[in-house]
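Novice: To start, I am sharing the structure in question, which I have written as structure tokens.
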2 protein chains.
Amino acid sequence: MSGILDVIIIGAGSAGLAALREVRKRTQSFVIINDGPWGTICARVGCMPSKALIEAANTFYHRNTFTEFGIRGADSLTSDIPAVLRRVRRLRDDFVASTVKTTEDLGDRAISGRAHLLGPDRLEVNGQILCARNIIIATGSSPIVPKPWNTLGKPIFTTDTLFEQENLPARMAVVGMGPIGIEMAQALSRLGIDVVGFGGSQTIAGLTDPQVNAVTINLLRREFSLNLGEKAELTAVNDGLRVQAGDSEVVVDGVLAALGRHPNISNLGLETLGVPLDDHGMPPINPNTMQVDDLRVFMVGDANDQAAILHEAADEGHIAGINATRSVPVCFTRRVPLAIVFADPSVAIVGCRYQELDDAKTLIGEVTFDNQGRSRLGQYNKGILRLYAETDSGRLLGAEMCAPAGEHMAHWLALAIDRSLTVPELLRTPFYHPVLEEGLRTALRTLAAQLPAGSESDLASCDAFNSEALD
Amino acid sequence: MSGILDVIIIGAGSAGLAALREVRKRTQSFVIINDGPWGTICARVGCMPSKALIEAANTFYHRNTFTEFGIRGADSLTSDIPAVLRRVRRLRDDFVASTVKTTEDLGDRAISGRAHLLGPDRLEVNGQILCARNIIIATGSSPIVPKPWNTLGKPIFTTDTLFEQENLPARMAVVGMGPIGIEMAQALSRLGIDVVGFGGSQTIAGLTDPQVNAVTINLLRREFSLNLGEKAELTAVNDGLRVQAGDSEVVVDGVLAALGRHPNISNLGLETLGVPLDDHGMPPINPNTMQVDDLRVFMVGDANDQAAILHEAADEGHIAGINATRSVPVCFTRRVPLAIVFADPSVAIVGCRYQELDDAKTLIGEVTFDNQGRSRLGQYNKGILRLYAETDSGRLLGAEMCAPAGEHMAHWLALAIDRSLTVPELLRTPFYHPVLEEGLRTALRTLAAQLPAGSESDLASCDAFNSEALD
């Protein structure tokens, strides 16, 4: 490890490991440095344990449909929260083990320790100075917790600690109604915990479409209390924690802080890179090369504060891994934006968000699922899907939804948007019966009806044939 | 109604009503004739009641995951089959009512009776002769039941009668393991009925891919007995019905005949059209115009024995409705083939089927779901998805699967196939984490690895950039 390495990767999370995969293909002169436990945020405290909890919670909640289906005995069901959490940890350990396996054979090229940059080509770790032609920064992120909360002497959880609990309190507040807050508040509530949600703004789950936002709020309020628009303040009281927000006040036994995550860049030494840093201490990063300014330094994953989403982190690590082993960085096209919140119904945002639309050039299509055939059969007939299309071209631009099977329809829509497909083109594909995608088709048809020169048929003619020929 | 009508539609099912919708837009000189109860096969005895039963059955079966999730009390759950069936009928009545509403305002242009063709421009109904410039035949189909079975004096059900029962027998055989047989056998078994399935061939559910077929059979055999490859013979015995197939023999209390459906064309008078009929008594029908030979007669939906699938029936009615009101029929492009069997995991066939492939020009990609992340979290980690792509172009051709969320992935794949997209193009779209579509991505990557000149990245370069540039 003496001399100058080709690449140093700081951080062995999802982005760092994706970088490692590419680096290893091209050079053996590298090290990967990790601070704290090995294993990714995703596997340890993020996507995987949260979804394990959600699956159990949704399954338990589903008992509310049993009587209507003709299934007897739902009242006898109970959620054994310690058992639920044990399973979450069992699965998590398995997923963590498989991510840790990636670095097991690296020997002393895998370093446990906290790296401090000393410049764009060197850093210090465990008292040793390492030099490299390329550095990939993938230090991840940490949950935000207001400092005073830690001195209250009461149970304040984050997703770092929630899944570690043997049991959970009977009364909980979830503070922060972004994607993680919504997922966890609904899951905890569905497991039988008395949950109150607090969100600082009137929008939740990352939604920007006011109608989708309103439907989502209404649906969630059927399950738990939701206080929006005021900042939550915590006070320790005798029998727990008082959470106050505006006029609302509730006493709970524990609080889950879901106020977002901040990139792990404090004391990293970014100021030694010699490039300007913004107000948050972040250098300029090219999202197509992951390069910091024009340095041989790359910054990827949650650390760069761009999109704390696993598949984007993996892409960024992948791009940096390739570019750190090339003389001239390649510029990569990023994917169509896709964000999914694993609520039920699932919240998803695809492509262009509502707030980014140019009203004058956009058509909006919509469907609600209250009366949709298939979802009525399964008792999941609730939610809304809104589609955005370009008026002139009929091209689909984006979608926001809170819809049953939303996570699946979001992938269909992402493919459509990626390929710049138009509403008439999309209506030519098959929609089976009875499926939830028939709701999606309804929304497409409401767009088609607004398009100029619409054909009277969803089907294309074999002949060189246009709508006029039909009349 | 004297004189010559513009259009007569025979049959008010899904195809006939789709035709009616188009005809009404263009002329008021029409009648629609329906034999038997009004309301479509889909709503009365097909898609809708079957899916209502399946949703209840799957919900009840899901109790087997409860202990592992940490939910206690699953043993107390029972399925109240009479209540399950009452709900099926309540929903069915609702769906039937909404299809019947379509014809309510037609007055004497809606005729109840059995039509007999007298030629390509006339027919008899209720003793009256009606003449029309165009006739649309949409007489639907009926379940096939071997004649001797009806004389056994024992409970032989079809989907026409199954949902009408107050209760169901404790031991049932389902004879016929096509799509309907598989759906119903699994649902009845999941509701707690002791089910034995009998299929005459070694393939089930319409599958043609031997590996997908094998996985599907293995999964179903964990739930109920499945006898394949021999014809089932029924005999009445003291305590029920003996079903024999090869060496297998079982005594049950009732049999569901799921041997397919035959088109309702006997005694319809197709021989009066003056065009050649095939061995099944079927005239030649153009699937792009729905026209019978060069007559002003159109034959649509199950009646033409082409694809007894609702969305195809609706398309056919739509095409015939347009063409029956035009001097020159328009030729329409039909949709990418899509068939879904609502088993769990869902079976789906999209685009080109395995048996239609040219081995020499086809690559096969595959994923199994046994170890797939998301599906492990939810305890639905079973199944297989196989993709077919054209070797030279990398274009996706088709897929067969028995996979969790298969019905959703099938729609994604249908869009991809419809747009002639290649595997590398498909890999550029986002796949969120953790979702079942990541399994689909794995299958795409196994295809990509077989393609010549594959890029080292799923991502596209912004520059005019190819895989060579990466090395």
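Novice: Here's a check for you: in region A:429-460, which residue that is assigned to a helix (DSSP H, G or I) and of a type in the set (Asp, Glu) is surrounded by the most Cβ atoms within 10 Å (Cβ to Cβ)?
Specialist: Among them, the one singled out is A:Glu437.
Novice: Would you confirm whether or not region A:18-32 contains a residue that is closer than 30 Å to A:Arg326 by Cβ, modelled with pLDDT under 95 and of a type in the set (Gly, Ala, Ser)?
Specialist: no
Novice: May I ask you to say which residue of A:Glu104, A:Glu68, A:Glu55 is within 20 Å of the chain's Cα centre (by Cα) and on the phi < 0 side of the Ramachandran plot?
Specialist: Step by step, each of A:Glu104, A:Glu68, A:Glu55 is checked, and only A:Glu55 is within 20 Å of the chain's Cα centre (by Cα) and on the phi < 0 side of the Ramachandran plot.
Novice: Counting just the residues of region A:413-428 that are in contact with a Gly (Cβ under 8 Å, 6 or more places away or on another chain) and part of a helix (DSSP H, G or I), which one comes out surrounded by the fewest Cβ atoms within 10 Å (Cβ to Cβ)?
Specialist: Only one residue fits best here, namely A:Pro424.
Novice: When only residues in region A:137-152 that are part of a loop (DSSP other than H, G, I, E, B) and not β-branched (Val, Ile, Thr) count, which is nearest to A:Ala257 (Cα to Cα)?
Specialist: Among them, the one singled out is A:Pro146.
Novice: Can you tell me how many residues within region B:207-242 are surrounded by fewer than 19 Cβ atoms within 10 Å (Cβ to Cβ) and either part of a loop (DSSP other than H, G, I, E, B) or of a type in the set (Gly, Ala, Ser) (or both)?
Specialist: So the count comes out to 12.
Novice: Here's another thing I want to ask about it. Just checking, does region B:416-436 include any residue being touching a Phe, Trp or Tyr at 6+ places or on another chain (Cβ under 9 Å), free of Cβ contacts under 8 Å to residues at least 12 places away in the same chain and farther than 17 Å from A:Arg419 by Cβ?
Specialist: There is no residue in region B:416-436 that is touching a Phe, Trp or Tyr at 6+ places or on another chain (Cβ under 9 Å), free of Cβ contacts under 8 Å to residues at least 12 places away in the same chain and farther than 17 Å from A:Arg419 by Cβ.
Novice: Is there a residue being within 18 Å of B:Thr203 (Cβ to Cβ) and either in a loop (DSSP other than H, G, I, E, B) or of a type in the set (Val, Ile, Thr) (or both) anywhere in region B:371-380?
Specialist: no
Novice: Could you tell me which residue of region B:386-412 is farthest from A:His433 (Cα to Cα), considering only residues that are more than 14 Å from every other protein chain (Cβ to nearest Cβ) and assigned to a loop (DSSP other than H, G, I, E, B)?
Specialist: Taking the candidates together, the pick is B:Asp392.
Novice: Looking only at region A:56-90, how many residues end up being in contact (Cβ under 8 Å) with a residue 12 or more places away in the chain and within 21 Å of A:Ala43 (Cα to Cα)?
Specialist: Residues in region A:56-90 being in contact (Cβ under 8 Å) with a residue 12 or more places away in the chain and within 21 Å of A:Ala43 (Cα to Cα): 10 in total.
Novice: Under 25 Å from B:Asp458 (Cα atoms), touching a residue at least 60 places away in the same chain (Cβ under 8 Å), crowded, with 22+ Cβ neighbours inside 10 Å and touching a Pro at 6+ places or on another chain (Cβ under 8 Å), is that true of A:Val255?
Specialist: no
Novice: Hey, any hits in region B:327-343 for a residue that's assigned to a loop (DSSP other than H, G, I, E, B), away from chain A (no Cβ under 13 Å) and either surrounded by fewer than 22 Cβ atoms within 10 Å (Cβ to Cβ) or in contact (Cβ under 8 Å) with a residue 24 or more places away in the chain (or both)?
Specialist: yes
Novice: Here are some conditions: (1) in contact with a Phe, Trp or Tyr (Cβ under 9 Å, 6 or more places away or on another chain); (2) surrounded by 18 or more Cβ atoms within 10 Å (Cβ to Cβ). A:Thr362 meets all but one. Which one does it not meet?
Specialist: For A:Thr362, the exception is condition (2).
Novice: Ok, one more. Starting from residues that are within 10 Å of chain B (Cβ to nearest Cβ) and among the hydrophobic types (A, V, I, L, M, F, W, C), keep the ones in region A:272-325 and report whichever is farthest from the chain's Cα centre (by Cα).
Specialist: So, considering only residues that are within 10 Å of chain B (Cβ to nearest Cβ) and among the hydrophobic types (A, V, I, L, M, F, W, C), the one farthest from the chain's Cα centre (by Cα) is A:Ile322.
Novice: Looking at (1) small (Gly, Ala, Ser); (2) outside the structural domain of B:Arg114 (by TED's automatic domain parsing); (3) in contact (Cβ under 8 Å) with a residue 24 or more places away in the chain, can you tell me which one B:Gly269 breaks?
Specialist: Every condition holds for B:Gly269 apart from (2).
Novice: Mind listing just one residue for me: the one in region A:108-127 that is of a type outside the set (D, E, K, R) and free of Cβ contacts under 8 Å to residues at least 40 places away in the same chain and, of those, nearest to A:Thr40 (Cα to Cα)?
Specialist: A:Asn126
Novice: Could you please tell me which pairs satisfy a Cβ distance under 7 Å, a separation of 6+ or placement on different chains, a first residue in region B:91-107 that is within 14 Å of chain A (Cβ to nearest Cβ) and surrounded by 12 or more Cβ atoms within 10 Å (Cβ to Cβ), and a second residue that is of a type outside the set (A, V, I, L, M) and not in a helix (DSSP H, G or I)?
Specialist: Final answer for the pair search is B:Arg92/B:Phe163; B:Val96/B:Gly39; B:Thr99/B:Gly39; B:Thr99/B:Thr40.
Novice: Of the conditions (1) in a helix (DSSP H, G or I); (2) away from chain A (no Cβ under 12 Å); (3) buried (at least 18 other Cβ atoms within 10 Å of the Cβ), B:Ile111 fails just one. Which one is it?
Specialist: Among (1) in a helix (DSSP H, G or I); (2) away from chain A (no Cβ under 12 Å); (3) buried (at least 18 other Cβ atoms within 10 Å of the Cβ), the lone unmet condition for B:Ile111 is (1).
Novice: Same structure, new question: Between a first residue in region A:36-55 that is within 12 Å of chain B (Cβ to nearest Cβ) and a second residue that is polar (S, T, N, Q), which pairs have beta carbons less than 6 Å apart while being 6 or more apart in sequence or on different chains?
Specialist: Listed pairs, sorted by first residue: A:Thr40/A:Ser14; A:Thr40/A:Thr99; A:Cys42/A:Ser14; A:Ala43/A:Thr99.
Let's see how each residue does on (1) over 25 Å from the mean Cα position of the chain (by Cα); (2) aromatic (Phe, Trp, Tyr); (3) not assigned by TED's automatic domain parsing to the domain that holds A:Val243:
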residue	(1), (2), (3)
A:Arg89	no, no, yes
A:Arg109	yes, no, yes
A:Leu117	yes, no, yes
A:Ala138	no, no, yes
A:Leu152	yes, no, no
A:Ile182	no, no, no
A:Gln186	no, no, no
A:Leu191	no, no, no
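Novice: Also, quick follow-up: So A:Gly383 passes all but one of these: (1) more than 13 Å from A:Gly439 (Cβ to Cβ); (2) small (Gly, Ala, Ser); (3) crowded, with 24+ Cβ neighbours inside 10 Å; (4) more than 9 Å from chain B (Cβ to nearest Cβ). Which condition number does it fail?
Specialist: (1)
Novice: Could you please find all residues in region B:224-265 being under 18 Å from B:Ala185 (Cα atoms) and among the β-branched types (Val, Ile, Thr)?
Specialist: Result: B:Val243, B:Val250, B:Val251, B:Val252, B:Val255.
Novice: Collect the residues in region A:408-442 that are of a type in the set (Val, Ile, Thr) and in contact with a helix residue (DSSP H, G or I) (Cβ under 7 Å, 6 or more places away or on another chain), keeping them in residue-number order.
Specialist: A:Val423, A:Thr429, A:Val435, listed by residue number.
Novice: If you scan region B:261-282, which residues turn out to be buried (at least 18 other Cβ atoms within 10 Å of the Cβ) and within 23 Å of B:Leu5 (Cα to Cα)?
Specialist: Those that are buried (at least 18 other Cβ atoms within 10 Å of the Cβ) and within 23 Å of B:Leu5 (Cα to Cα): B:Ile265, B:Leu268, B:Leu270, B:Leu273.
Novice: Identify all residues within region B:59-90 that are within 7 Å of chain A (Cβ to nearest Cβ), acidic (Asp, Glu) and part of a helix (DSSP H, G or I); write none if there are none.
Specialist: B:Glu68
Novice: Additional query: Does A:Ala313 qualify as being in a helix (DSSP H, G or I), crowded, with 16+ Cβ neighbours inside 10 Å and aliphatic (A, V, I, L, M)?
Specialist: For A:Ala313, the condition - in a helix (DSSP H, G or I), crowded, with 16+ Cβ neighbours inside 10 Å and aliphatic (A, V, I, L, M) - is met.
Novice: Of the conditions (1) outside the structural domain of B:Gly16 (by TED's automatic domain parsing); (2) in a loop (DSSP other than H, G, I, E, B), B:Gln306 satisfies every one except a single condition; which number is it?
Specialist: Exception for B:Gln306: condition (1).
The values are calculated or read from the model by the stated rules, or taken from the named source; none is laboratory data. This structure is a prediction, so every number in the text was calculated from the model and none was measured. Glycine also receives a Cβ, built like all others from the backbone with ideal geometry; neighbour counts cover every protein chain displayed.
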